[in-house]
Structure formats: C-alpha cells, structure tokens
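All of the numbers you see were taken from the coordinates with simple rules; none came from a lab. The structure displayed is predicted, hence computed values, not measured ones. Heads up, the Cβs are rebuilt from the backbone with ideal geometry, glycines too, and the neighbour counts pull from every protein chain shown.
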Amino acid sequence: MIPTVTPQGLRLRRLMFLLVNVASYGAMLAALAYGVGFSPLGLVVLICAAVFLPWSVLGFWTSAIGLYLLFDRRPVAAQAMPISLRTAIVMTLRNEDPARALARLRIVQASLDATKNSAHMSYFVLSDSSDPEIARREEAGVAAWRALDAQPGRIHYRRRSENTGYKAGNVMEFCDRHGDDFDVMVALDADSLMSGEAVVDLVRIMQADLRIGIVQGLVVGLPAASVFARMFQFGMRHGMRTNTAGQAWWTHDCGPFWGHNAILRIAPFRAHCRLPVLAGAPPFGGHILSHDQVEAVLMRRAGYTVRLQTRTGGSWEDNPPTILEYIRRDTRWCQGNLQYIRLVGMKGLLAVSRFQLVWAVLMFVGIPAWTLLMAILPLAAWVWRDIGPARQADLSALYGVFLLMLLAPKLGGYLHTAASGRRVARYGGLAKLVLGAACEIVFSLLQSSITSFTTAMFIASLLLGHATRWSGQVRDARAVSWGEAARAFWPQTLFGAGLSLSLLVVSPALLVYAWPFMMGCLVAIPFAVVTADPALGRWSVRLGLCAVPEDLAAPVEVASLAGAAGTVV
C-alpha cells in the first residue's frame with residue numbers, strides 16, 4: 001500500500017527539498033558567473049544555464065532521495081480485501097495494429113480472471129482510428145474475442161468518427177456514456193500490459209481510501225528486439241527506480257499522472273478533469289496534446305489526492321524501437337507540455353501543482369538553451385582563451401558536477417541493483433550488469449545529443465506556427481535505411497561536424513569536454529541505422545546485452561505475448 005505522512009511532515013519535507021534545490025542551483029550559477037564573468041557573452045551563457053540547469057538539479061536531488069529510500073525500503077504487507085468497486089479496463093486506440101493491441105487486453109483479462117477478482121471487471125476498446133481498414137479489423141477482433149468469451153457482455157467496442165480532444169476527449173466521452181456504471185477505470189494504451197495482481201492492487205488502493213482520485217502505477221519496458229529499445233529501457237529501468245521513489249516522496253498527494261497503466265476514480269474525473277480548449281490556433285492553442293498532468297492537477301484541485309505507486313512489478317509498456325519513433329513521440333509531448341504555459345495561472349491550483357506544470361515546461365524549454373550554449377562554444381573558447389588557471393579549474397569542476405547530476409538517476413539505479421546479489425542475478429550477473437550499464441551510458445549520451453538538437457529545431461518550428469499531428473505509432477522493431485536516416489539527421493550531422501571542426505581549430509582541449517554532448521550529432525546517421533538493425537538486435541538478445549529481468553524469467557503475462565497476437569483477429 002502507499003505510505004502516508006502528516007500535513008506538517010509533508011510541509012517540512014517539501015521545504016527541505018526546496019532549500020537544497022535552490023541552494024544547489026544558486027551555487028552552480030555563482031560558480032559559472034565566476035568562471036565566465038558578466039560580459040555580454042558571459043550573460044548569454046549565464047541565461048542559458050539558468051534555463052537548463054533546474055531540470056538537472058531537481059533530477060539529481062529527486063534521485064538522491066529516491067536512492068536513500070530504496071536502500072531504506074521496508075516490506076509492506078499487501079491488503080487482501082475482496083474487490084467490490086465496479087472497474088472498467090479501458091484501452092484507447094488510434095490507427096494501431098488491432099491484433100497487437102487486443103492481444104494485450106486479452107492477456108490482462110486472462111490474468112485478472114486467474115486472480116478470482118474479476119467479477120466486477122469490464123473491458124472497453126475505445127477507438128479513434130481514422131483508417132477504415134484498421135477500424136474494420138478492430139471491430140472484427142473484438143467480435144472474435146466476444147465470441148470466444150464466456151461473458152461477452154463485459155467486452156465493449158466503440159469508435160468515434162472524429163478524435164475531438166484526442167485521447168483525453170476519447171476517455172471523457174467514455175466517462176459521459178458509462179461513468180454511472182463504474183466506480184473506477186484502469187487506463188491502458190495500445191502498448192500497455194498489466195498483470196491481474198497489479199490491477200487488483202490498484203483497485204484495492206482506491207477501495208481503501210476514497211480520497212484518492214488517481215493512482216499512477218510504475219511502468220517499465222517490456223523485453224525488446226531492437227538495440228535502441230533494449231538500451232533505452234535498460235537505462236530507464238534503473239533511472240526511473242530512483243527518480244520515482246524520490247518523486248513520490250516530495251510530490252506525495254500531488255503525484256504525477258502518465259496517462260496509462262493507472263487507475264482513476266470516475267466520478268470526480270468526470271466532474272472536475274475536463275480539459276479546457278485553449279484560445280487560439282495550434283501549436284499553442286486548441287486542444288491540449290499532453291493531457292495527463294493537467295488532469296492530475298485538476299483532480300488535486302478538486303480535493304482528491306494523486307498518488308504514485310513505486311512498487312515495481314506487473315506493469316509494462318513498449319519503448320520506441322528506433323530513434324525516429326522516439327523523436328516522433330517526444331515532439332508530440334514537447335508541443336503538449338509547452339501548452340502548459342497557458343495553464344499555470346489557472347485558479348485554485350495548489351502550489352505544488354503549479355510547479356509541476358512549470359517543471360513539465362522546463363523539461364523541454366531547457367533544451368534549446370543547452371543547444372544554443374553548445375553552438376556558441378567555439379566563440380566562447382576563443383573569447384576566453386586566456387582565462388587564468390583558477391577560473392579554468394572552476395569551470396572544469398562545474399562541468400564535472402553537471403555531468404554527475406545528469407547521470408545521477410541512472411548511476412543510483414545501477415548502484416542499487418549492484419548492491420544486492422538477488423537483484424544482480426535478475427539482470428544476468430554482475431558482468432552483464434556492468435557491461436549493460438557502460439553501453440547504455442554511452443548510448444544515452446549519443447541519443448540525448450541527437451534528440452536535443454532535434455527538439456531545439458522542433459521548438460523553433462513551433463514558434464513559426466508549425467504543429468505536430470496525433471497519429472499511430474510504430475511499436476515493432478524495424479530496420480532504418482541509410483537514406484531514411486540521412487534525410488532525418490543531416491542537420492544534426494552538419495551541426496556536429498561544424499562544431500567539431502570549430503573547436504578543433506580554436507581549442508582542441510575543449511573538444512574533449514564537449515564530445516559527450518556533441519558526438520551524437522556527428523554520428524546521428526549511423527547511430528539511427530545501427531541501433532535499429534535487426535541482425536544486431538538479434539545478436540544483442542542472444543548475448544543478453546542490456547537484458548531486463550523479464551528477458552531472463554518472463555512472467556506469464558509477458559510470456560503470453562509471444563504467440564498471442566495471431567489469435568486475436
């Protein structure tokens with residue numbers, strides 16, 4: 001179950017958390033100001049740092065607290081109360097592979113039936129698919145499922161002809177139609193998978209405390225076939241462990257909502273969590289793309305708590321199989337999060353809720369600031385080529401601290417795994433854990449370099465009035481051709497080459513410091529091709545490189561995925 005804390009204790013922990021973050025942020029800016037001075041160029045550097053540093057500082061302290069809590073974690077006895085809440089298991093689709101998605105929902109159903117707690121469970125497929133052939137296959141798939149089920153009345157399918165309000169509009173329409181028939185709903189995406197025990201655990205939490213409006217379950221990546229997805233989720237698995245534990249500690253009753261693998265209390269959600277339509281046209285007006293965190297702060301404004309469950313197990317999702325798919329997903333989040341700027345001033349929000357909206361904006365706003373800093377690095381190296389040893393030492397130390405803060409969540413997760421023989425065994429042994437961690441850190445530095453430049457370009461396009469579209473995602477591993485990669489990443493390559501050559505001429509020593517954050521751009525095209533290569537993916541699976549526990553000992557739900565998709569349609 002989820003631990004509680006007194007209001008006084010919560011205020012104290014948030015005050016402490018605020019103080020250490022502000023002190024660290026101020027100290028880093030002061031050290032940078034000493035190193036670069038207050039010339040016009042120095043002010044540009046300071047402004048850039050002031051924008052991108054908060055995300056790193058907050059991530060460091062969140063994961064540091066989380067790491068402490070992980071080592072101090074005590075077993076919590078699960079409550080075995082019978083389930084009485086009427087529960088809707090809701091999966092939203094838009095132009096996804098129907099067989100793939102419905103297979104997962106059927107596995108969730110089978111796992112719930114095995115718990116003997118499914119008497120009050122019903123299943124809803126909510127489609128916004130615009131492709132007629134995909135819609136036909138969805139309908140046929142649900143019909144086939146119903147025909148095989150002993151209780152077909154609990155399985156429902158509905159498709160909207162227009163996806164007004166995107167996924168949030170789809171879910172709210174369900175609440176308007178069926179909200180009186182259910183107490184809670186478990187939200188699933190097309191790539192979601194949950195065990196019956198994980199779902200029942202969420203329902204029990206809601207049943208035990210009527211003040212809870214949303215419980216977000218901890219989601220981890222499923223076993224993957226592509227090198228990109230395997231390395232990405234290996235790092236995410238370890239970074240999220242510390243970050244989530246720390247985030248739950250300081251957000252507490254104002255927790256996050258990620259839109260899926262979570263449970264929501266329908267009545268307050270329906271009454272209080274309708275998203276506003278922002279004035280003006282996209283990209284910053286119109287319907288909100290990133291609905292989840294807005295729904296969380298609206299639920300909290302209504303007096304219900306939003307909690308984050310930090311226990312790992314039984315809740316999975318797919319990660320993007322290629323960097324191209326990762327960028328497609330990330331740009332939609334970027335546009336949606338930037339819309340939050342318009343919502344920070346909403347009446348009645350708690351201070352922590354307003355901060356969470358600002359935090360979500362800073363996640364992306366800091367990226368162009370970092371990219372600009374990298375772009376002016378050759379100029380800075382030339383202008384400050386004669387700074388003294390003390391200022392050089394100051395800047396070198398600051399660089400080291402920043403790099404440590406950036407990697408701290410993952411390093412903490414790797415440390416926590418390595419500290420236990422049982423946990424190490426779940427990842428295939430210490431040698432494979434260390435090898436996977438080393439490969440993933442290099443991978444993440446290259447990947448973040450590429451995506452940072454891409455995000456900066458995307459934000460510039462948003463300022464020019466261009467907007468992204470909500471579409472289906474490619475979730476299965478596939479090859480990326482050299483031509484496709486070149487068309488997507490030639491700007492990154494030019495940026496990386498120009499920056500490398502400039503620094504090589506101006507300050508070769510500085511090139512060594514800059515490489516972790518610019519090398520990805522230089523090798524963006526081969527990176528996209530190699531990390532998506534199916535043959536390399538099969539090799540990494542055989543080797544066990546960046547294997548997650550489900551690769552080595554698959555729970556029944558994960559094992560069922562291998563042959564389930566072909567049985568649905």
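Magnitude of the Cβ-charge dipole of the chain, K/R +1 and D/E -1, about the Cα centre, nearest 20 debye?
With Lys and Arg at +1 and Asp and Glu at -1, about 840 debye.
Rounded to whole Å, give me the distance from the Cα center of the range 180-243 to that of the range 30-72.
Value for the Cα centre distance between the two parts: 31 Å.
Limiting things to C-alpha atoms, what are the Rg and the maximum Cα-Cα separation (Dmax) for the chain, in angstroms?
According to the Cα coordinates of the chain, Rg and Dmax are 23.9, 79 Å.
What is the helix-to-structure angle for 508-522, meaning the angle in degrees between its Cα long axis and the longest Cα principal axis of the chain, kept from 0 to 90 and rounded to the nearest 10?
With both axes taken from Cα atoms, the answer is about 30 degrees.
Can you tell me the FRET efficiency between A497 and R13 if r is taken as the Cβ-Cβ distance and R0 is 56 Å, rounded to the nearest 0.05?
0.70
Using Cα centres only, tell me the gap between the range 487-502 and the range 245-308 in whole Å.
So the separation of the two Cα centres works out to 39 Å.
Of all DSSP beta bridges located in the chain, what percent are antiparallel, nearest 5?
DSSP beta bridges in the chain are roughly 30 percent antiparallel.
To the nearest 10 degrees, how steeply does helix 430-463 sit against the main Cα axis of the chain, on a 0 to 90 scale?
So the inclination is approximately 80 degrees.
What residue among A23, L499, Y427 has its Cα farthest toward the positive end of the dipole of the chain, where the charges are +1 on Lys, Arg and -1 on Asp, Glu, each on the Cβ?
Result: A23.
Between R274 and S130, what length comes free when the chain is fully extended (0.36 nm per residue of separation minus the Cα-Cα distance, one decimal in nm)?
This chain segment gains 49.5 nm when fully extended.
On a 0 to 90 degree scale, rounded to 10, what angle separates helix 351-375 from the longest Cα axis of the chain?
For 351-375 against the chain, the angle is about 40 degrees.
Take every Cα-Cα distance within the range 1-138, group them into 5 Å bins from 0 onward, and report for each bin the whole-number percent of pairs it holds.
Reading the bins upward from 0: 2, 7, 10, 10, 8, 7, 9, 12, 11, 9, 7, 5, 2, 1.
If the chain between A438 and R423 were fully stretched, how many nm would it gain, using 0.36 nm times the residue separation less the Cα-Cα distance?
Difference between extended and current length: 3.6 nm.
Given points 7 Å out from each Cα along the Cα-Cβ axis, report the A27 to V474 separation in nanometres with one decimal.
About 4.7 nm separates the two model spin labels.
Let's test the formula: R0 of 22 Å, r as the Cβ-Cβ distance of L41 and L404. What FRET efficiency results, to the nearest 0.05?
Approximately 0.25, to the nearest 0.05.
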